[in-house]
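Structure first, commentary second.
The values are calculated or read from the model by the stated rules, or taken from the named source; none is laboratory data. Note that the structure is a prediction, hence the values are computed from the model and not measured. Using ideal geometry, Cβ is built from the backbone for each residue, glycine included, and neighbour counts are taken over all protein chains shown.
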Amino acid sequence: MILVTGFQGYGGRSANPSELVSRALDGVRIGGAMVRGHVLPVDFQGMRRQLPALIDDLRPQVIVSLGLWPGEAMLRIERMAANWSWFELPDNMGHRQNGRVLDGGPDGYLSTLPADAMQAAIRASGLPCRQSGSAGTYLCNATLYTVLNHCALHHPETRAGFIHLPYLPAQVADLLDQIAHDAQVEQHQRADFASMHLDDMVTGLRIGLETAWSAAQV
Ligand code: PCA
């Protein structure tokens with residue numbers, strides 16, 4: 001089984017592409033594996049409670065968590081998680097985690113997904129994809145850290161990692177309207193107008209998951 005997690009909207013945004021992609025992949029078969037899509041609340045404490053229990057329950061061989069990175073232009077495979085949170089925005093429960101993700105945990109973990117092979121396969125399909133050395137200091141980093149820590153301790157065979165997604169085109173259309181309406185900043189001051197169509201995100205994820213699944217079989 002492959003577990004794909006997404007997040008609900010946050011920071012005043014109603015939609016989160018990661019929620020739509022994880023729903024679209026739920027129930028799909030990839031390389032002989034069943035995909036299970038699960039949407040997480042944007043809630044630090046809730047994520048830390050739910051995710052390890054879900055992993056223990058489903059025992060997936062591959063875990064890919066997804067989240068939105070406003071301004072990102074392509075599928076962005078995260079390579080590492082830091083044991084450090086700095087929430088510029090409160091989560092949806094009003095909580096700001098500023099400090100360790102996990103007291104007493106290691107300072108960081110490396111993703112165990114085959115990032116180079118996934119990137120190559122996604123690019124070969126004609127879709128843009130890159131890798132990143134920081135998942136930020138908000139909930140996505142905390143999620144990747146929580147998953148990698150739990151797998152290191154209890155499921156060492158599981159391959160796990162995180163992919164950040166761009167905005168959906170309709171979200172950027174709304175942003176442009178909002179900026180024009182507010183008339184507080186000029187368009188060129190903003191760096192968050194990149195977007196990708198939902199179908200392309202789902203296609204890229206399917207290819208990346210197939211690559212990760214194959215790597216998990218050897
Ligand atoms: N993106 C945020 C948290 C939820 C999401 O979709 C992040 O990058 O941390």
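Which pairs do you get when a residue that is under 24 Å from A160 (Cα atoms), found in the range 191-209, comes within reach of a residue that is at pLDDT below 95 and not β-branched (V, I, T), reach meaning Cβ atoms under 9 angstrom, with the pair 6+ apart or on two chains?
Matching pairs, first to second residue: L209/G31.
So is R48 in a strand (DSSP E or B) and of a type in the set (D, E, K, R) or not?
no
Out of all the residues in the range 3-20, which are within 11 Å of the ligand (Cβ to nearest atom), surrounded by 17 or more Cβ atoms within 10 Å (Cβ to Cβ) and either closer than 15 Å to T143 by Cβ or charged (D, E, K, R) (or both)?
Selection gives T5, G6, F7, Y10, N16, S18, E19.
Of the numbered conditions (1) assigned to a helix (DSSP H, G or I); (2) surrounded by 19 or more Cβ atoms within 10 Å (Cβ to Cβ), L66 fails exactly one; give the number of that condition.
Going through the list (1) assigned to a helix (DSSP H, G or I); (2) surrounded by 19 or more Cβ atoms within 10 Å (Cβ to Cβ), L66 breaks only (1).
Do any residues in the range 137-159 that are in contact (Cβ under 8 Å) with a residue 24 or more places away in the chain have Cβ atoms under 6 Å from those of residues that are in a helix (DSSP H, G or I) and crowded, with 24+ Cβ neighbours inside 10 Å, where the two are at least six apart or on different chains, and which pairs are they?
Between residues of the range 137-159 that are in contact (Cβ under 8 Å) with a residue 24 or more places away in the chain and residues that are in a helix (DSSP H, G or I) and crowded, with 24+ Cβ neighbours inside 10 Å, the close pairs are R159/A212.
For the range 100-119, what are the residues that are in a loop (DSSP other than H, G, I, E, B) and closer than 15 Å to R79 by Cα? Break it down stepwise before answering.
So in the range 100-119, the residues in a loop (DSSP other than H, G, I, E, B) come out as 100-107, 111-114.
D107, S111, T112, L113, P114, listed by residue number.
Check whether at least one residue in the range 122-131 is away from the ligand (no atom under 14 Å from the Cβ), more than 16 Å from Y10 (Cα to Cα) and charged (D, E, K, R), and report yes or no.
Yes, because at least one residue in the range 122-131 is away from the ligand (no atom under 14 Å from the Cβ), more than 16 Å from Y10 (Cα to Cα) and charged (D, E, K, R).
With the checklist (1) more than 16 Å from the ligand (Cβ to nearest atom); (2) under 13 Å from T146 (Cβ atoms) in hand, flag the one item G46 doesn't pass.
G46 satisfies every listed condition except (1).
Yes or no, residue by residue, for (1) outside any loop (DSSP other than H, G, I, E, B); (2) in contact with a helix residue (DSSP H, G or I) (Cβ under 9 Å, 6 or more places away or on another chain):
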residue	(1), (2)
A121	yes, yes
Q131	yes, yes
T137	no, no
E157	no, yes
A160	yes, yes
V172	yes, no
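When you look at V185, is it surrounded by fewer than 15 Cβ atoms within 10 Å (Cβ to Cβ), on the phi < 0 side of the Ramachandran plot and either free of Cβ contacts under 8 Å to residues at least 40 places away in the same chain or within 16 Å of the ligand (Cβ to nearest atom) (or both), yes or no?
yes
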